[in-house]
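Enquirer: Handing you a structure now.
Read-outs throughout are calculated quantities, based only on the coordinates presented, and are distinct from any laboratory measurement. Given the structure is predicted, the values throughout are model-derived calculations rather than measurements. Here the Cβ is made from the backbone with ideal geometry for all residues, glycine too, and neighbour counts use every protein chain on show.
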Amino acid sequence: MIKTDILIIGAGPTGLFTVFEAGLLKLKCHLIDALPQAGGQCSEIYPKKPIYDIPAYPEILAGDLTDKLLEQCKQFEPGFTLGERAETIDKQEDGTFIVTTNKGTKHQAPVVAIAGGLGSFEPRKPLLENITDYEDKGVEYIIKDPEIYRNKKVIIAGGGDSALDWSIFLSDVASEVTLIHRRNEFRGHLDSVEKVQELKNQGKIELITPAEVVGLEGDNKIQALLIKKEDETIKKECDHFVPLFGLSPKLGPIANWGLEIEKNAIKVNNALDYQTNIPGIFAIGDVNTYPGKLKLILCGFHEATLMCQAAYQIINPGKRYVLKYTTVSGVDGFDGTRKEAPKAVVKKIE
Ligand SMILES: Cc1cc2nc3c(=O)[nH]c(=O)nc-3n(C[C@H](O)[C@H](O)[C@H](O)COP(=O)(O)OP(=O)(O)OC[C@H]3O[C@@H](n4cnc5c(N)ncnc54)[C@H](O)[C@@H]3O)c2cc1C
């Protein structure tokens, strides 16, 4: 049994920042994530994309943001159960919760913070009979490392931001980039649509629209796609096929925990502390909903900070916590390290 103060489900940016804020209050955290690495959407979906709206970072790659969050919370020695999905939750007589994963690992804590984002990641796959035969053999639904496409022939399918952005990015990496969409219109940022138009005009991206992939061919790995364009079916050789049709948001097992759910998100009390309808269980970051909710990283950070104050009260009933600035109090890690601003010196000026 893994025991901790705050059990965090989801090691995305919200979950990671929770560790830091909890650490300032001397509360220990353990994180569970279904993915094999921390970082949530930032590391799984868009690690190489720059984010422009993180306070004080004019630009930061999503992967680098994850690294920095991990570095920031390291002092508070979080525990991790990675590659396991939280399946069940049981309230104990003493008020604590036991959360068990799909692999049977048990965790116990007085406070549970669900930072599950979009839930377990499930990419929408095209309905092609033999597509599973080519998964990880040239067919990828998420681009993790663009370098694998260097000097390769890549066909991307999709009509949203991911398809547009990756086509633009890979036009400098791959030997050939083809973008296929079933409509002539794309639903993405105007800048991205215009950039793809420009790259098409320069011959750096081939656009096939309105068209649909209807067949996959290759021995052991993908070698060609059959593409239906109007009444014609064409065969196009490729080394990689990347259908980017988005992720279907699925809360997964959390949806059966007796929490109030609205449109696939957990309802919380945003006037106070982001607690759910079950006392002791909080929901923060993309996974929650309340009037005016914005699914942004910085909103998750804010919610995590307020949630930790409420968790402190549950764990230390009756004890008053006086907010201290880190510039004044410094930061004492659980690993014995201390960060503090240089002390003022007293020295005579003659
Ligand atoms: C392409 C793209 C670009 C974006 N750009 C920006 C941007 O510029 N600025 C911005 O602010 N936001 C941006 N976002 C949104 C941002 O990534 C999210 O707001 C942020 O990731 C939410 O963080 P989170 O920690 O709440 O959830 P997530 O990052 O979704 O992490 C949740 C984690 O919980 C895990 N999980 C879920 N259920 C379980 C379970 N039952 N058991 C175990 N683990 C579980 C998941 O595996 C996941 O790792 C972008 C998103 C995308 C897809």
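Enquirer: Mind listing just one residue for me: the one in region 161-185 that is in contact with a Pro (Cβ under 7 Å, 6 or more places away or on another chain) and in a helix (DSSP H, G or I) and, of those, surrounded by the fewest Cβ atoms within 10 Å (Cβ to Cβ)?
Expert: Restricting to residues being in contact with a Pro (Cβ under 7 Å, 6 or more places away or on another chain) and in a helix (DSSP H, G or I), the top hit is Phe169.
Enquirer: Let me ask you something else. When the residues of region 147-160 are narrowed to those that are in a loop (DSSP other than H, G, I, E, B) and in contact with a Phe, Trp or Tyr (Cβ under 9 Å, 6 or more places away or on another chain), which ends up nearest to the ligand (Cβ to nearest atom)? So that I can check it myself, show each step before the final result.
Expert: Step one: list which residues in region 147-160 are in a loop (DSSP other than H, G, I, E, B), which gives 150-152, 158-160.
If we keep only those that are in contact with a Phe, Trp or Tyr (Cβ under 9 Å, 6 or more places away or on another chain) too, we end up with 158-160.
On the way: Gly158: 12, Gly159: 15, Gly160: 9 Å.
That would be Gly160.
Enquirer: Another question, if that's okay. Here's a check for you: in region 145-177, which residue that is β-branched (Val, Ile, Thr) and out of contact with any strand residue (DSSP E or B) (no Cβ under 6 Å at 6 or more places or on another chain) is farthest from Lys125 (Cα to Cα)?
Expert: Result: Val173.
Enquirer: For region 3-28, what are the residues that are at negative phi, within 7 Å of the ligand (Cβ to nearest atom) and not hydroxyl-bearing (Ser, Thr, Tyr)? Quick ask: steps written out before the conclusion?
Expert: First pass over region 3-28, keeping only residues at negative phi: 3-9, 11-25, 27-28.
Filter once more, keeping what is within 7 Å of the ligand (Cβ to nearest atom): 9, 11-15.
Hits for region 3-28 are Ile9, Ala11, Gly12, Pro13, Gly15.
Enquirer: Give me the residue from region 274-297 that is farther than 25 Å from Ile54 by Cα and among the hydrophobic types (A, V, I, L, M, F, W, C) and, out of that set, farthest from the ligand (Cβ to nearest atom).
Expert: Once the filter is applied, the top-ranked residue is Ile278.
Enquirer: Another question, then. Taking region 1-29 on its own, how many of its residues are surrounded by 21 or more Cβ atoms within 10 Å (Cβ to Cβ), within 26 Å of Gly330 (Cβ to Cβ) and in contact with a strand residue (DSSP E or B) (Cβ under 6 Å, 6 or more places away or on another chain)?
Expert: 8
Enquirer: Within region 84-146, which strands (runs of 3 or more DSSP E) (wholly inside it) include 3 or more residues that are surrounded by fewer than 17 Cβ atoms within 10 Å (Cβ to Cβ) and out of contact with any Gly (no Cβ under 6 Å at 6 or more places or on another chain)? Walk me through how you get there before you give the answer.
Expert: Values: elements: 86-91, 97-101, 106-109, 111-114.
So the answer is 86-91.
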